[in-house]
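Report on the following structure.
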Amino acid sequence: MTKVTAQMSVSLDGYYAGPRSTADPHDMAAWMEGLEAPGFFRVTRWVIDAIAWRERLGFAGGEQSVNSRIVEETFAAAGAYVMGRRMFEGGEIPWGDEPPFRAPVFVVTHRDREVLERQGGTSFTFVTDGIERAVAMAREAAGGKNVAVAGGGTLVRQILAAGLLDELELHIAPVLLGDGMRLLDGGLGLDPREGIELTPVRVVETPEVTHIRYAVGGRAKLELDDRGSGAA
């Protein structure tokens, strides 16, 4: 059965990058000089070191490790992707003519653009009528495999808030960034008396990163707990 999944690398205090850059997303040199990049590269270091990631991008080197197997597993499970426009614009040039996805990618945007075909099976379709439509198109294209939400953090929050996410995997790097772009920093549209319940279904620990996969439940009312009061 097709699941809608998301996975993000974050610091222990919940940041997936440093403070947001104001540079043009296509200007990689300017982005690298800003404050967003150092935090991003710290929490994704485990990915960059993995041989499965480096091979996917056509780079040499890398480590064959538990982390690398998780990267390989993540790619293998996805039959289609959904991503935000900023994520696409930041990766369009670095990914080159053969992006790592090798599957249809649906980009949520307010600006229309013709479908962009790349080598290796990757195509980018620009969806201007909302996240629900993008997820539905990705489900149809996934061929029974999973739909992976490829980021960024704003899109992950939107899909989680809309009740469209089945599974969330956090890759928690053992570092405190202190400031930056926080993955779950509001924006979920929750009432103060409700929460979204998650159930851990897998934990994999390595020295570089801890991988925690959650099944995402529905919204639930928060109950006051007076069990410690001593009342009968």
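Does the range 214-221 include one or more residues that are in a loop (DSSP other than H, G, I, E, B) and either out of contact with any Ser or Thr (no Cβ under 6 Å at 6 or more places or on another chain) or at pLDDT 95 or above (or both)? For the range 214-221, residues in a loop (DSSP other than H, G, I, E, B) and either out of contact with any Ser or Thr (no Cβ under 6 Å at 6 or more places or on another chain) or at pLDDT 95 or above (or both): absent. For the range 56-85, a residue qualifies if it is modelled with pLDDT under 95 and in a helix (DSSP H, G or I), and exactly one does: 56. Summed over the range 18-43, residues that are within 18 Å of residue 92 (Cβ to Cβ) and either part of a helix (DSSP H, G or I) or at pLDDT 95 or above (or both) total 8. One residue stands out in the range 2-21 among those that are of a type in the set (Ser, Thr, Tyr) and under 11 Å from the mean Cα position of the chain (by Cα): the one that is farthest from residue 171 (Cα to Cα), namely 5.
From the list 188, 160, the lone residue that is part of a loop (DSSP other than H, G, I, E, B) and either under 20 Å from residue 71 (Cβ atoms) or not basic (Lys, Arg) (or both) is 188.
Quick check on the range 46-64. Is at least one of its residues over 16 Å from residue 89 (Cα atoms), basic (Lys, Arg) and surrounded by fewer than 18 Cβ atoms within 10 Å (Cβ to Cβ)? No, every residue in the range 46-64 fails to be over 16 Å from residue 89 (Cα atoms), basic (Lys, Arg) and surrounded by fewer than 18 Cβ atoms within 10 Å (Cβ to Cβ).
Each residue in the range 111-144 was checked for being touching a Ser or Thr at 6+ places or on another chain (Cβ under 8 Å), surrounded by 12 or more Cβ atoms within 10 Å (Cβ to Cβ) and part of a loop (DSSP other than H, G, I, E, B), and 2 of them qualify.
The values are calculated or read from the model by the stated rules, or taken from the named source; none is laboratory data. Worth saying up front: this structure is predicted, and the values here are computed from it rather than measured. With ideal geometry, Cβ positions are generated from the backbone for all residues, glycine too; neighbour counts draw on all protein chains shown.
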